[in-house]
Amino acid sequence: MKKQIRKWMIRIFATTLLIAGIVLIIILNPPLTYASKTTYNSYSIYHNKALNPAFTSKLEQATFLLKSSEFYGNELILDICLNDGSIYPTLIKKLQGPAFARGFYNKVILHGTMNCTANYLELNGYKWNLVQLLVHEMTHCLQYKKLGFWKSNPVANIPTWKWEGYAEYIARQDQNQNQKDLLLNINRLQTADKSKWEVVFEDGTIAPKDYYNSWNLVKYCLDIKKMSYEQLLQDKTSESELKTQMMKWYEENKSERTTKAFTLMGA
């Protein structure tokens, strides 16, 4: 009886190992699940349907914003995996949970429905600015490339606000989106609907409030305190203490925010 149990345990272990190996091979090799591949600059775009010509212009815009990261390097080569019929995004969703997109290693995986012309990706009725979403996930790839596997999340357990906040910070550098001014950003969060999980921007796209908080805090550290991101990663100041500092700075400077708000409204 014991020998039979042992045999079954070995078989179960071997089967599990085999399945895990197959899944890993698929994850590392998107071409196995896509019908087409389009190469554009340093990007390999995997898709099942005809690629919208406007998508490459979104990649160009994303690359421009990505270059503002201190981790950026010209050698960056990424796989962009679209959600247009392949099982690949579904597999990633099963493994990592639902999200607008995922970025890890050298891969960016989009979920939801993409609208290149209107520049958004829609999921469950919510829209995320497409270019900013691409940059957010590409930044995670930069973090991995610079820091390495053992010093990146989830292995390194870097505080979420530092990990996600930096991705948002890089993604939202576009001057045209009125999202670069920290005073206005903090005010936008304070006046947002408290009953909702998201902040809605002027173009109808959103950001989760937890990401928004993290973004503002990273922005305060990098723009106001003049820290580099690597310095921020090493800094031991608590999140709550930094937030207290940021809000003190906000209270001391919010009259400037009021002036800017009136300027933006054309008053």
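Annotations for the structure displayed:
- Subset of segment 37-83 (residues that are among the β-branched types (Val, Ile, Thr) and not in a strand (DSSP E or B)): 56, 63, 77
- Residues that are surrounded by 15 or more Cβ atoms within 10 Å (Cβ to Cβ), part of a helix (DSSP H, G or I), of a type in the set (D, E, K, R) and touching a strand residue (DSSP E or B) at 6+ places or on another chain (Cβ under 7 Å) do occur in segment 129-137.
- Single residue of segment 78-107 satisfying the filter (among the small types (Gly, Ala, Ser) and farther than 21 Å from residue 56 by Cα) that is surrounded by the most Cβ atoms within 10 Å (Cβ to Cβ): 99
- Look at (1) in the same structural domain as residue 247 (by TED's automatic domain parsing); (2) modelled with pLDDT of 95 or more; (3) in contact with a helix residue (DSSP H, G or I) (Cβ under 7 Å, 6 or more places away or on another chain) and you find that residue 179 fails only one, number (2).
- The lone criterion from (1) out of contact with any helix residue (DSSP H, G or I) (no Cβ under 7 Å at 6 or more places or on another chain); (2) touching a residue at least 24 places away in the same chain (Cβ under 8 Å) left unmet by residue 108 is number (1).
- Qualifying residues in segment 183-206 (those that are closer than 18 Å to residue 136 by Cα and touching a Phe, Trp or Tyr at 6+ places or on another chain (Cβ under 7 Å)) - the one surrounded by the most Cβ atoms within 10 Å (Cβ to Cβ): 205
- Residue in segment 71-78 that is among the charged types (D, E, K, R), at pLDDT below 95 and farther than 24 Å from residue 146 by Cα present: no
- As a summary of the residue check, residue 208 satisfies the conditions (1) in the same structural domain as residue 69 (by TED's automatic domain parsing); (2) touching an Asp or Glu at 6+ places or on another chain (Cβ under 8 Å); (3) of a type outside the set (A, V, I, L, M, F, W, C) except for the one numbered (1).
Per-residue answers, yes or no, for (1) under 17 Å from the mean Cα position of the chain (by Cα); (2) polar (S, T, N, Q); (3) not in a helix (DSSP H, G or I):
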site: 143; (1), (2), (3): yes, yes, no
site: 151; (1), (2), (3): no, no, yes
site: 158; (1), (2), (3): yes, no, yes
site: 189; (1), (2), (3): no, no, no
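- If only residues of segment 148-182 that are crowded, with 16+ Cβ neighbours inside 10 Å and either touching a Pro at 6+ places or on another chain (Cβ under 8 Å) or small (Gly, Ala, Ser) (or both) are counted, the one that is nearest to residue 250 (Cα to Cα) is 165.
- Candidates 246, 227 - the one that is surrounded by 15 or more Cβ atoms within 10 Å (Cβ to Cβ) and outside any helix (DSSP H, G or I): 227
- Residue 25 falls short of the stated requirement of being at pLDDT 90 or above and not in a loop (DSSP other than H, G, I, E, B).
- Residue check for residue 136: within 17 Å of the chain's Cα centre (by Cα) and closer than 16 Å to residue 230 by Cα: no
- Every residue from segment 209-237 that is of a type in the set (D, E, K, R) and free of Cβ contacts under 8 Å to residues at least 60 places away in the same chain: 209, 210, 219, 223, 225, 226, 235, 236
The values are calculated or read from the model by the stated rules, or taken from the named source; none is laboratory data. A quick note: this is a predicted structure, and the numbers were derived from the prediction, not measured. Using ideal geometry, Cβ is built from the backbone for each residue, glycine included, and neighbour counts are taken over all protein chains shown.
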